[in-house]
Amino acid sequence: MISSTLLSDLTARVRAKAHSAAPACPCGATGTLADRPDATVVRHADTVAKAHAPDMARTDLAPRLTVATHLPGILLPPLSPTPVDLHGRLVTFWPYGTPVDPEDPDAAPWESAATLLAHLHRTPAPALPPMRGPAKAARAVARLRATATVTATAPVLRAWSTLPAWARAEGPMPDTTTLCHGDLHLGQLVRHPAPNGPWLLIDVDDLGVGVPAWDLARPAAWYACGLLPLDEWTRFLTAYRVAGGPAVPAHGDPWPALDVPARALTVQTAARSIAKAAAAGHALDEVEQALVDACDRMSSTPPDLARGFPT
């Protein structure tokens, strides 16, 4: 959560930006779309302002914004490629896009998400830092270690210890030339122009070069944990292959490529779930327990011995 002063000033900034772009702005209330330690997002009319994480460096964010500017058919372009400073936080401005409806899972744009990823992965990568997926997973595990001891912690940490160094952000990634999103999930897609324009990827904070299978790993992990139906996983994987995505072979078993990233995303999600449950003082729900159970299975089947994620 950010301070009330920062939120107030961010709200003023987004209103001013919206009015400069459209003097006949319909106005109305300014809404907070997200307020997390790593990002706060507010909207006024068709303009969105995002305060990035406190540790986001301008030298890391600026080239990512440039990539978004130059890939308008894949990534939502910012209204300006130059971030501004606000109370020690970098702020960027974006056009509003219609997000995926969480109340309508049948309308989830799996094919569009996969096709956008394939196009992103096939785009020649400019000079960028490594994509931050493994670093985010490592932060989730570090937060887990700092929580009160709970029974569920042990299998998650064991599964984490079986992963190769690059997946734990402790060594260089085996691919340093492929452009990756770094944090793909359905919340990273919007329709622009709203409400019915084409789907585009948003959130460039983790964009960089790395292992493209990481961008497929969250839906792969959900499928392997029994949280994503086979039909939806098949739609996603098939669309990625049809679009020529390089993360997995065009035919045959995709799991040798997906196994390590899917394990890492399972550990990350389980670690976050346990830490949040511990902070709130409640037990894990059924979905959260399924993630921990998957980690328990993974710890007994190391990635280098597996032919795919153990179900």
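What is the percent carbon and sulfur in the accessible area of the chain, measuring with a 1.4 Å probe over the protein chains and ignoring ligands? Can you show the working numbers first?
On the way: 7820 of 13720 Å².
Heavy-atom surface of the chain belonging to carbon and sulfur, 1.4 Å probe: 57 percent.
Backbone amide hydrogens, once placed in the peptide plane, bring Val48 within less than 5 Å of Trp94, Tyr96, excluding anything fewer than 5 places away on its chain.
Along the range 93-98 the Karplus relation, 6.51 cos²θ - 1.76 cosθ + 1.60 evaluated at θ = phi - 60°, assigns HN-Hα couplings of 10, 9, x, 6, x, 6 Hz to successive residues, with x for each Gly and Pro.
Amide H contacts for Leu90 (H built 1.01 Å from N in the peptide plane; partners 5 or more residues away or on another chain; cut-off under 5 Å): His52. Kindly express, to the nearest 10 degrees and within the range 0 to 90, the angle between helix 4-21's C-alpha long axis and the longest C-alpha principal axis of the chain. Roughly 60 degrees between the two axes.
Based on DSSP H runs of at least 4 residues, each adding -39500 (n - 2.57), what is the mean residue ellipticity at 222 nm of the chain after dividing by all its residues, to the nearest 500 deg cm²/dmol? Please list the in-between numbers first.
Working: 9 runs with 128 residues, N = 311.
Mean residue ellipticity, 222 nm, calculated: -13500 deg cm²/dmol.
Against the chain, whose longest principal axis comes from its Cα atoms, helix 286-299 is set at around 50 degrees. Taking amide H as placed 1.01 Å from N in the peptide plane, Val100 has its amide H under 5 Å from the amide H of Leu189, each at least 5 places away in sequence or on another chain. Separation of the range 111-134 and the range 148-178, taken as the distance between their Cα centroids, equals 22 angstrom. Taking 29 Å as the straight-line reach from the Cα of Lys136, the lysines in range (excluding those fewer than 8 positions away in the same chain) are Lys50, Lys276. Distance between the modelled labels on Thr69 and Ala154, one decimal in nanometres: 5.4 nm (7 Å Cα→Cβ projection).
Our coupling estimate for the range 220-234, obtained by passing each phi through the Karplus curve with A = 6.51, B = -1.76, C = 1.60 and θ = phi - 60°, is 4, 5, 4, 5, 5, 8, x, 9, 10, x, 3, 4, 5, 4, 5 Hz, Gly and Pro reported as x. In the context of the full set of protein chains, the chain has a per residue accessible area of 44 Å² (1.4 Å probe).
Estimate the FRET efficiency between Ala127 and His185 by the formula 1/(1 + (r/R0)^6), using the beta-carbon distance for r and 25 Å for R0, to the nearest 0.05. Intermediate values should be presented prior to the final figure.
Details: r = 27 Å, r/R0 = 1.06.
Calculated transfer efficiency: 0.40.
For the chain, the longest principal axis of the Cα atoms and the long axis of helix 133-146 meet at an angle of about 70 degrees.
The values are calculated or read from the model by the stated rules, or taken from the named source; none is laboratory data. Please read all numbers here as calculations on a predicted model, not as lab measurements. FYI the Cβ positions are ideal-geometry reconstructions off the backbone, even for glycines, and counts take in every protein chain you see. Each accessible area value is taken on the protein alone, full model and side chains, heavy atoms only, with ligands, DNA and RNA left out. Shrake-Rupley method; radii C 1.70, N 1.55, O 1.52, S 1.80 Å.
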